[in-house]
Each structure stands twice: as structure tokens, then as C-alpha cells.
Amino acid sequence: MAEEDERAKQESLHACSPGEPERQCSNYIENCEPKSEGHRKNVHEDQWKSRCGKQLPVLVVGHYCHDCIRLVGGASIDALGGSASYISNVLDALSVKAHVVSKVGGDFEFISQVSHPPLILEEQHTTQFFADYTTGKDRVLRVGKVCEQILSSDIPLEGEYSLGLAVGVAGEITISVIERMLKVSQRVIVDLQALIRRIDSSTGDVNLQHIRTTPFDSILNQISFLKATRAESAYIDLDSARQVTCVLVTDGKHGSTVYQRDKEYHVPPFATEEVDPTGAGDSFLAGFVAGLYRGFPVQKAVLMGNYFGALAVSQIGIPQLKLADLEELQEIFYGVEEQEINCNLQTDSSETADRFHTSQTSQIHP
């Protein structure tokens, strides 16, 4: 009898709620094993597909890049970069079906490391970033080469997606691209950096401009979620933006805050030892999206984003997700009741925050 009750409990975790088509099932943690190049596959893929039925894929739009990173201590690395690469890495690990729209040049060095091939433009250069973390301030970001913008026609109208992610890094996403994404996606999530970054053509310096000076300000009310760092949030009118969309503000080791029309709540972080902060926000966004894909409420999906953000900064470059990480993920997110997360308050209780901090301190290592 106890065995039957446990089986019923496990099945209920992955059941779709009647009358809620967006809360679809996705048994993305069980039965995973590592793939080459850090990706993973689901051992029982046919079984997974049968459980998820006609689950629509996630659309990810943004360039892959060449990253040249200088870390505190003087180490320099050349690595695959771009939000799309970090996001697809997490989605692949969680067996979330994804379609990536990205452009690179004929000089792209990491084609063997991406599971979602980009459009290769032989006469173009791949977008190149230089990130310097040694200045003692926030990172200094500069762009070298820049690939051609993504066009709305690069996104097929015949597609249909559960979630669309606009995650540009160097101005490659235009308003027409987001308008196309709104047509083919049930919900659209936008990283604010895709809307407000401007590249100085003479120096390559990355500057930010207030969103009200861009054409994107007019479509905020059509976006389901807008993600920003704490520093980037100064470039929107937060009080106005939260009236028309849900704003997610990440703040590194301090966790994340969700701003909705009539309420806001803080979601605690996971403690970790930071080695390379590159891609933390992208991995957060991927975890958040995976939570929504599974049918989690917003606050629990944000907590899942915090989990993957912590994993990202604990490794250099795109994180290699271990089976132990996914097993721990299952234990945390299927073993914690929503009310224990304490997300309905503006600030979390120290007891809840300490619980999540402690769970990660001994688990996440560089």
C-alpha cells in the first residue's frame, strides 16, 4: 500500500493540471546521464515524450559569441559565449526541447560544442566579447567583432513555441524580431540587456541607455517577463514597468526579486564560491524558463533560476552540469513545499534563506 501511495505521489508531480494548458508536464530530471561536451540526454527519451505529450519547444533567439575573459588573479580564457549558449546548455541538461536562432561568422570556433547549430554566414565575423573582471569594479565589457543582426524572417512563422526568449548580447535583436516572437510564442521573456545595450563604434565599449529612448518601450506590455540585473534595472522605470509586465531583478549573492503589479517578493540565493561570474544571468534565466516549462509557479521557477545561476559562477566558462547536480535539484524542488520558500513576503525569513545556503555550501564546488 505504501509503495502504491509513493508511486501515485511521483506521478502526480508530473501531471498536468486540468484547465491550465500552459502548466504542462516535463519530467526533465529523472533518468539523465552526461553527454559529450557537457550536454546530457534522457536515457528513457521515449518514455519522457509519452509523459509530455505535445509539449511545445522553447524558442531561444540571440547570437553565440567568442568570449575572451580575464579573471581576477590574471587568468585569461577564450571560450564559447553568448546567452544562447549558456541557456541551451541548461535546457539540454533538463531535456527541455529548444530551438535556437543564432548567427555566427565563418570564423566560428566552437561549432562542435553547440547542440543547436547556428546560421553560419561565411563572409561575416562571429560576435566577439572581451570581459575584464580585474579592475576591482564591475566587469569592463568591450565588443570586438559583431555579426549581422537577426532578422524577423529568420524565425519561421510556421513554428509554435511555449516560451520565446529574446536574449541578444550586442544589439542583434530588433523590435521586428520580438514582434515575430510574439506571434509564434505563447509567452515571451526578454533579457533587458538585449534592449538597452549600445556599442560604441569607435572603442567597442558597451554602454546602456534608458529603455524609454528605444522603440522597445512601446511593447513592454506585450512581454510576459522582463529580466534585469540590479544595475540594469536603473535603466527602466520599475514602477511603471511592473504595471504591464512581471520584472525579475537578479542581484548576485543577494538572490532575486520579483516585481508584479501589486506585490513584490524576494527569492533567496544559493551559496557558492564564485570563480567566473560570466553567464550567471543566462543560467538563471534558463533555470527560470525550465521551471515555467515544468509548470512551476513564478516564485518557484525563480528559485530554480537562482540554483543554476549559482552553478554557473562556480565553474569557468559554460558550466558542466553533473548528474549529482540534477539529483540534488530533484531533491530540492520536489521536496520543498511552496509555502516553505516564503516567497509571498517582501523579504525571506533567515531560516528559509539559511536552509538554501546550507544545502549548497557543501555541494557546489569550482
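Every number in this text was worked out from the coordinates using simple rules, so none of it is lab data. Keep in mind it's a predicted model, so treat the numbers as computed, not measured. As a convention, Cβ positions derive from the backbone with ideal geometry for all residues, glycine included, and neighbour counts pool all protein chains shown.
Simple point charges give the picture: +1 on the Cβ of Lys and Arg, -1 on the Cβ of Asp and Glu, and for the stretch 57-361 a dipole about the Cα centre of about 520 debye. Close amide H partners of VAL60, meaning residues 5 or more places away or on another chain with modelled amide H under 5 Å apart, are HIS99, VAL100, VAL101, LEU165. Between THR214 and SER112, the contour length at 0.36 nm per residue exceeds the Cα-Cα span by 33.1 nm.
Note that the stretch 65-79 has calculated 3J(HN,Hα) couplings of 9, 9, 9, 10, 10, 10, 9, 4, x, x, 5, 10, 9, 10, 8 Hz, one per residue in order, obtained from phi through the Karplus relation 6.51 cos²θ - 1.76 cosθ + 1.60 (θ = phi - 60°); glycine and proline are x. Near the amide H of VAL267, within less than 5 Å, lie the amide hydrogens of SER256, THR257, VAL258, all on another chain or at least 5 residues away, with H placed in the peptide plane.
Only beta bridges with both residues in the stretch 57-361 are counted; by DSSP, about 45 percent of them are antiparallel. For LEU323 and HIS254, a Förster radius of 35 Å and the Cβ-Cβ distance give a FRET efficiency of 0.75, rounded to the nearest 0.05. For ARG230, nonlocal amide neighbours, meaning residues 5 or more places apart or on other chains whose placed amide H falls under 5 Å from its own, are THR250. Multiplying the residue separation of VAL72 and GLU264 by 0.36 nm and removing their Cα-Cα distance gives an extension gain of 65.7 nm. Listing PHE108, PHE288 from fewest to most neighbouring C-beta atoms within 10 Å gives PHE108, PHE288.
State which entries of LYS103/LYS300; LYS97/LYS227; LYS183/LYS227; LYS97/LYS263; LYS227/LYS253; LYS97/LYS300 exceed 23 angstrom in Cα-Cα distance in the structure shown.
Details: LYS103/LYS300 33 Å; LYS97/LYS227 21 Å; LYS183/LYS227 20 Å; LYS97/LYS263 32 Å; LYS227/LYS253 16 Å; LYS97/LYS300 20 Å.
From the list (LYS103/LYS300; LYS97/LYS227; LYS183/LYS227; LYS97/LYS263; LYS227/LYS253; LYS97/LYS300), the Cα-Cα distance tops 23 Å for LYS103/LYS300; LYS97/LYS263.
Length available on full extension from ASP239 to LEU151: 0.36 nm per residue minus the Cα-Cα distance, which gives 28.5 nm. Take the Cα of VAL140, go 7 Å toward its beta carbon, and the backbone nitrogen atoms of the stretch 260-291 under 19 Å from that spot belong to 277-278. In order along the stretch 154-165, the Karplus-derived 3J(HN,Hα) couplings, from 6.51 cos²θ - 1.76 cosθ + 1.60 at θ = phi - 60°, round to 6, 9, x, 5, 6, x, 9, 10, 6, 9, x, 10 Hz, and Gly and Pro are given as x.
Relative contact order for the stretch 160-292: 16 percent, from Cα pairs under 8 Å spaced at least 6 residues apart, divided by residue count. Treating the Cα atoms of the stretch 180-336 as identical point scatterers in vacuum, please give the log10 of the normalised Debye intensity I(q)/I(0) at q = 0.15 Å⁻¹, two decimals. Debye intensities relative to I(0), on a log10 scale: -0.84.
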